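For reference, the structure discussed in these notes is given below.
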Amino acid sequence: MLLGGVSETYTNLVTTVFSSTIAAKAWLASAALVLAVVQVTTAARIYGRLSFLPERGLAISRVHRWSGRLAFLLTLPVFFHCVTILGFQTPDTRVAVHALVGTFFYGVFAAKVLIVRDRSLPGWALPTAGLTLASTLGLLWLTSSLWYFTTVRFGF
Amino acid sequence: MGRGWIPVLVGAVVVVSTFALAQAQIFEPSLPAASAAAGGDVYRGETVFQRECAACHGARGEGGGVGPRLSGAEVDAATVTAAVQRGRGVMPAGLVSGREEADVVVYVVSISTP
């Protein structure tokens, strides 16, 4: 009963802003995806690509770090709802793919964070981890938010 | 084993932990008895409700001018099932059926419970 109360409190909190918990997840994941695009773009600039961006200096690094932190925070409510309330489900292909990829998301995230801090690793390790993480988030968005916006409704 | 394996190992541990947490489903809500008896899934039902019912009943079942308020209305599963299958007022019969019907009935009962 106590655990059920946690879920109810979460739902009540979320629906003060969004129409439903599903809508909340769709929009939070979309915001995280936008920040992931910022992550990939700024990372590419840091690696000397995308020269149309203003500079390779401190500003780009700051934008990269803070967009990553914010994206991570935005995924936490989604994680809480998906993992602790809905659990691992496979009723159809879309949900099965979403559940499987979602299971790997924070594992890839943890690996990426460790790779960032280890300068002894080969140069390809960090871009590979970063792109894998962004791709994972993209796939999660395609199998949840895009489905919600196109199948259920496009609104808060 | 070189240090390069550490991120992979930690990542693997996080993946396994996430899967275990998802399997445990620790915060699964306790549904009203009537909802459990209907055999549907409240979260799938929420999706069906948003797609098929919210236009008339409001996004949170608060009523939307065309459809009556369902939130807090204390309707039971049998009443909702009858309305879905036979229609009521301007609401056509059979908007949803099968699993979607069971799911949306559970959801409506859950939001109708004060």
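Annotation note: Cβ proximity below 7 Å between a residue of the stretch A:66-86 that is over 16 Å from A:VAL38 (Cα atoms) and more than 8 Å from chain B (Cβ to nearest Cβ) and a residue that is assigned to a helix (DSSP H, G or I) and of a type in the set (D, E, K, R) (sequence gap 6+ or interchain) occurs for A:VAL78/A:LYS25; A:HIS81/A:LYS25.
Scanning the stretch B:30-45 for residues that are in a helix (DSSP H, G or I) and either at pLDDT 85 or above or of a type in the set (Gly, Ala, Ser) (or both) turns up B:ALA33, B:ALA34, B:SER35, B:ALA36, B:ALA37, B:ALA38, B:GLY45. Taking the criterion of being under 22 Å from A:TRP124 (Cα atoms) and not hydroxyl-bearing (Ser, Thr, Tyr), the residues of the stretch A:59-84 that qualify are A:ILE60, A:ARG62, A:VAL63, A:HIS64, A:ARG65, A:GLY68. In the condition set (1) at pLDDT 90 or above; (2) buried (at least 16 other Cβ atoms within 10 Å of the Cβ); (3) more than 9 Å from every other protein chain (Cβ to nearest Cβ), A:ILE60 is compliant with all but (1).
When A:SER145 is tested against (1) in contact (Cβ under 8 Å) with a residue 40 or more places away in the chain; (2) of a type outside the set (Val, Ile, Thr); (3) farther than 26 Å from B:ILE26 by Cα, just one condition goes unmet, and that condition is (3). Select from the stretch A:91-102 the residues that are without any contact (Cβ under 8 Å) to a residue 24 or more places away in the chain and surrounded by fewer than 15 Cβ atoms within 10 Å (Cβ to Cβ) and write down the one among them that is nearest to the other protein chains (Cβ to nearest Cβ). The qualifying residue nearest to the other protein chains (Cβ to nearest Cβ) is A:PRO91.
Of the residues making up the stretch A:109-155, those that are among the aromatic types (Phe, Trp, Tyr) and assigned to a helix (DSSP H, G or I) are A:PHE109, A:TRP141, A:TRP147, A:TYR148, A:PHE149.
Residues in the stretch A:9-27 that are part of a loop (DSSP other than H, G, I, E, B) and within 10 Å of another protein chain (Cβ to nearest Cβ) were compared, and the one that is surrounded by the most Cβ atoms within 10 Å (Cβ to Cβ) is A:SER20. Scanning the stretch A:32-45 finds one or more residues that are in contact with a Leu (Cβ under 9 Å, 6 or more places away or on another chain), surrounded by 14 or more Cβ atoms within 10 Å (Cβ to Cβ) and either among the basic types (Lys, Arg) or on the phi > 0 side of the Ramachandran plot (or both).
Only residues that are touching a residue at least 24 places away in the same chain (Cβ under 8 Å) and hydroxyl-bearing (Ser, Thr, Tyr) were counted across the stretch A:103-135, and they come to 2. Taken together, the criteria place A:PHE88 among residues that are over 11 Å from the mean Cα position of the chain (by Cα), crowded, with 19+ Cβ neighbours inside 10 Å and not in a helix (DSSP H, G or I).
The values are calculated or read from the model by the stated rules, or taken from the named source; none is laboratory data. On a predicted model such as this, the values are computed, not experimentally measured, just so you know. Cβ coordinates were reconstructed from backbone atoms using ideal geometry, including for glycine residues, and neighbour counts include every protein chain displayed.
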